[in-house]
Amino acid sequence: MPSLLRRVKSKMFIFAHRRTLTLLDGEYGSVFKGRSLDFDELRAYVPGDEVRDIDWKATARHGSPLVKRYVAVRRHAVLLLVDTGRNMAAQAFSGECKKDIAVHAAGVLGYLACRHGDDVGLLHGNAVASKYLPPRSGEENLERLLREVDASASLDSPASGIAAQLDYVLRYLKGRLLIVAIADEFLPDASTESLMRRLRGRHEVLWLTVRDAELAAEAGSQMQDSTDVGTGRGISRSVAVDSKVRAAYAAAMLKREQGRRDVFHRLGIAEEQTTGSENVLTAVFSLLEKHRSGTFTTRTFARGGTRAG
């Protein structure tokens, strides 16, 4: 079977110049700047120590100044949190399968981590089950993770429900992680938003959204009947091209998109969207840049109609 990682690398070098890859490396490295020290122990203050390192609560209990001692973290742990529910077997905005775009995005991010000597793990699943593969080093491990994602999302899978994977992290995974979530386009409900907020408090979190397909089109288009894989409901072409239906659906999708942006902005989580494998590199670069700079405005894409949720 052809190597998925080799395919990812080939696309990276086709769609990007060497300078772009260098910039990507720089943006990835910047994620950890100022966050690469772990607490080691408390010790007595000595002249020359930084005042900002004094642990004031411990000092009050002890009766004399104590400072926090840190050690450098030379290898970081990156967790790819990937939706592999039924929704990811649907068609994306580009016409590709969402799963294929997720594999490509996970490959790009994992490859950047490998280039920096970091460990990469995977947590994936659907609304009823999650599977965790702990972070390890090397491209052989990354290939195994990509194959796991590729083999797990199908039309026979249970529906997507990334709240289950968020809950898994909060319950079972210890230590600070860089978590990159890759999921389809959905509006988090109050419960999921609460899980995301707790996750953001414990870890570095970035979010990459795979855009939905266009399911409503102009009357003269070649669009056929389609099915929402999440609900199993059919969408007939005659309904999809109706001008009133298209207008109402466009308004509903615009409202949902604004709601999504508001959620990520409230939580302080950098989010970016990708429409297909050809713009994954651009989306990853933008995502890393947003996380570094603390800006959370998502790019908007022109639409030739409306799209399904």
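Per-structure values
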quantity	calculated
Flag if ALA283 is at pLDDT 60 or above, farther than 24 Å from LYS11 by Cα and out of contact with any Gly (no Cβ under 6 Å at 6 or more places or on another chain)	no
Considering residues of the range 64-86 that are surrounded by fewer than 23 Cβ atoms within 10 Å (Cβ to Cβ) and in a loop (DSSP other than H, G, I, E, B) only, the residue modelled with the lowest pLDDT	VAL73
Whichever residue in the range 286-309 is of a type in the set (Lys, Arg) and open to solvent by less than 20 Å² (accessible area, probe 1.4 Å) and, among such residues, is modelled with the highest pLDDT	LYS290
Of all residues in the range 180-198 being open to solvent by less than 30 Å² (accessible area, probe 1.4 Å) and more than 13 Å from the chain's Cα centre (by Cα), the one that is nearest to GLY259 (Cα to Cα)	PRO188
Residue under evaluation VAL108, criteria (1) of a type in the set (Val, Ile, Thr); (2) over 19 Å from TRP207 (Cα atoms); (3) under 19 Å from the mean Cα position of the chain (by Cα), criterion not met	(2)
Residue selected from the range 217-249 under the condition in a helix (DSSP H, G or I) and at pLDDT below 80, by the criterion surrounded by the most Cβ atoms within 10 Å (Cβ to Cβ)	ALA240
Residue satisfying all of: in the range 95-141; in a loop (DSSP other than H, G, I, E, B) and closer than 22 Å to TYR172 by Cα; modelled with the lowest pLDDT among these	ASP118
Verdict on ASP100 being surrounded by 24 or more Cβ atoms within 10 Å (Cβ to Cβ) and of a type in the set (Asp, Glu)	no
Test: residue in the range 167-179 that is open to solvent by 50 Å² or more (accessible area, probe 1.4 Å), at pLDDT 95 or above and β-branched (Val, Ile, Thr)	no
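The values are calculated or read from the model by the stated rules, or taken from the named source; none is laboratory data. Worth saying up front: this structure is predicted, and the values here are computed from it rather than measured. No Cβ is skipped: glycine too gets one built from the backbone with ideal geometry, and neighbour counts run over all protein chains shown. Please note that ligands, DNA and RNA were not included when accessible areas were found on the heavy atoms of the full protein model with its side chains. Shrake-Rupley method; radii C 1.70, N 1.55, O 1.52, S 1.80 Å.
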